[in-house]
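Okay, so here's the structure we're looking at.
The values are calculated or read from the model by the stated rules, or taken from the named source; none is laboratory data. As the structure is a computational prediction, the values presented were derived from the model and not from experiment. Neighbour counts are summed over all protein chains in view; Cβ atoms, including those assigned to glycine, are modelled from backbone coordinates with ideal geometry. For the accessible areas, the whole protein counts, side chains as well, though only heavy atoms, and no ligand, DNA or RNA atoms are used. Shrake-Rupley method; radii C 1.70, N 1.55, O 1.52, S 1.80 Å.
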Amino acid sequence: MPRAFEEWVAEAAAEPVAGWDFSWLDGRATEQRPSWGYQRMMGERMARATAALDLQTGGGEVLAGVPVRPRLTVATEAWPPNAATATRLLHPLGVAVVRNEDEPPLPFADAAFDLVVSRHPVSVWWEEIARVLMPGGTYFSQQVGPASVFELTEFFLGPQPEEVRRLRHPDTARRDADAAGLEVVDLRSESLPVEFRDIGAVVYFLRKVVWIVPGFTVERYRERLRELHERIEDEGPFTARSTRFLIEARKPVSG
């Protein structure tokens with residue numbers, strides 16, 4: 001028998017959402033990954049680094065999956081549940097987790113790291129990244145691009161203005177990196193299919209990825225959720241497109 005709307009929603013609303021492990025969605029939602037393989041590329045750079053910083057580490061899952069890390073590796077995280085999750089995961093691996101607010105200044109000295117990484121940062125403080133990088137050091141990041149999963153955003157919020165749709169554009173990242181004195185050596189982007197197969201997957205995703213529908217709660221959007229549930233039941237999975245871009249920038253060696 002098909003599961004009822006309330007059952008789907010109640011299950012997803014009760015599931016913990018700390019960290020960046022999305023395995024709860026296995027079989028219920030799919031998202032194609034970018035072709036470049038961020039974690040593998042990050043691991044290659046970690047293996048060559050002497051001191052590394054992972055900004056906005058989430059639950060630490062990506063950093064924990066890197067096979068070789070510098071002896072000096074530090075991660076930051078602003079959201080307390082994620083910071084606690086990252087601490088439990090990364091401390092046994094010798095990684096210090098620093099709880100800080102997602103705003104400057106970073107709690108590190110100038111030129112403290114030769115590698116700074118970040119996967120899906122909420123905000124990017126380019127001048128601070130440049131400050132904590134050693135001359136010749138590298139910033140390496142995979143970021144959410146413009147209008148990512150906006151099919152879902154606009155289902156709940158309605159059409160978004162063009163200036164909102166262009167937020168997080170890779171061209172803006174290049175400009176901001178240049179302004180901070182960093183040299184962009186790689187910049188690429190992809191648009192990738194996303195599929196939600198039941199309304200529980202939608203609820204869980206919106207609770208975890210909070211910028212898709214800011215202020216989302218089940219009660220606030222219950223009727224719209226019910227409409228989407230009926231659409232999925234009648235027409236099949238709800239499809240969207242995610243956008244991702246990869247950026248690598250280096251701090252020039254002075255002199």
Quick one: Karplus J couplings for region 102-109, per residue in order, coefficients 6.51, -1.76, 1.60, θ = phi - 60°, nearest Hz, x for Gly and Pro?
-> 7, 7, x, x, 5, x, 9, 6
Can you run phi through the Karplus equation (6.51, -1.76, 1.60; θ = phi - 60°) for region 129-135 and list ³J(HN,Hα) in whole Hz, with x for Gly and Pro?
-> 4, 4, 5, 7, 7, 5, x
Sorted from largest down, give the three principal axis spans of the alpha carbons of the chain, whole angstrom values.
-> 68, 42, 30
Which value in nm describes the separation of the simple spin-label points at ALA78 and VAL210, placed 7 Å from the Cα toward the beta carbon?
-> 0.9 nm
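So what's the back-of-envelope 222 nm ellipticity for the chain, counting only DSSP H runs of four-plus at -39500 (n - 2.57) apiece and dividing by all residues, rounded to 500?
For the chain, the value works out to -10000 deg cm²/dmol.
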Find the centroid of the Cα atoms in region 20-82 and in region 184-255, then give the distance between the two in whole Å.
-> 18 Å
Inter-label distance, nm, simple model (7 Å from Cα along the C-beta direction), ARG3/GLU44 | 4.0 nm
Taking a crude spin-label model, label points 7 Å out from Cα along the C-beta direction, the ARG222 to GLU162 distance in nm is 4.0 nm
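When Lys and Arg each count +1 and Asp and Glu each count -1, what net charge do the other residues less than 10 Å away from GLY94, Cβ to Cβ, add up to? Before the final figure, lay out each step's value.
On the way: positive: ARG69, ARG71; negative: none.
So the environment of GLY94 carries a net charge of +2.
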How big is the C-alpha Rg of region 125-255 next to the rule-of-thumb value 2.2 N^0.38 Å, as a ratio?
-> 1.33
For the THR172, ARG33 Cβ pair and Förster radius 25 Å, calculated FRET efficiency rounded to 0.05 is 0.60
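Could you work out the Kirkwood radius for region 1-147, taking every pair of different alpha carbons, averaging 1/r and inverting it, reported in Å?
Final number for the Kirkwood radius of region 1-147 is 16.6 Å.
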Heavy-atom accessible area of ARG244, protein chains in place, probe 1.4 angstrom, given in Å² to nearest 10, is 30 Å²
Length released on extending from ASP186 to GLU235, taking residue separation times 0.36 nm less the Cα-Cα span | 13.6 nm
The longest stretch of the chain containing none of the GluC sites (Glu not before Pro) that sit in a DSSP loop with at most 14 other Cβ atoms within 10 Å is 102-218
Segment ALA14-GLU151, extension gain: residue separation times 0.36 nm, minus the distance between their alpha carbons | 46.8 nm
